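Take a look at the structure set out below.
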């Protein structure tokens, strides 16, 4: 029977920490930011490593090793993607906690975000991208629907998608938008993040 790894820290027993709790424990936490690289570059918790949600599977072996050394705090803009990531990690036997309210709650609580000097992108957060895209499609569908009523089906489809998104707490549009070039990590950036994770 293998011996457990020595670990003297008090392990996190809750699924979520508020901003003040996370701030007080920040030096002892491995902070994992699961937003897109563009969102991450607009400001992130000090010391946070960026592994977008749709790349989480690739990082599982390294995250499993890291979880034996540090408690993991998963962060996104509002908390939804972080909770999805936490659940996915739990499915693979990796314990993590989330930041309640995400980076918005962090800044609302008076805590600062780190802004890399070398990479100040202007990418909107994912929820804003979704709102803009959904609104643009609905508006286009209604406008063109005056010429051809069939275009109104696009607006109806978006409305139905938003209802489904709310009921299931998922977002298919966000999943599509993460595939756009400005939301994708550069291969070198992801490799550097995984190397930093192994070095912790």
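Laboratory data are not the source of any read-out in this text; all were calculated from the coordinates shown. What you see is a predicted model, and the numbers here were worked out from it, not measured in a lab. Here the Cβ positions follow ideal geometry from the backbone for every residue, glycine too, while neighbour counts run over all protein chains shown.
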FRET E, pair residue 163, residue 104, Förster distance 25 Å, beta-carbon r, rounded to 0.05: 0.55
Pair residue 140, residue 199: separation of 7 Å Cα→Cβ label points (nm): 4.3
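Relative to the present Cα-Cα distance, how much length would full extension add between residue 147 and residue 131 at 0.36 nm per residue of separation?
Length gained, residue 147 through residue 131: 3.3 nm.
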Shape call, the range 126-169: gyration tensor on alpha carbons, a/c limit 1.5: oblate
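In percent, how large is the relative contact order of the range 126-169, given Cα pairs closer than 8 Å and 6 or more residues apart?
Relative contact order comes out at 31 percent.
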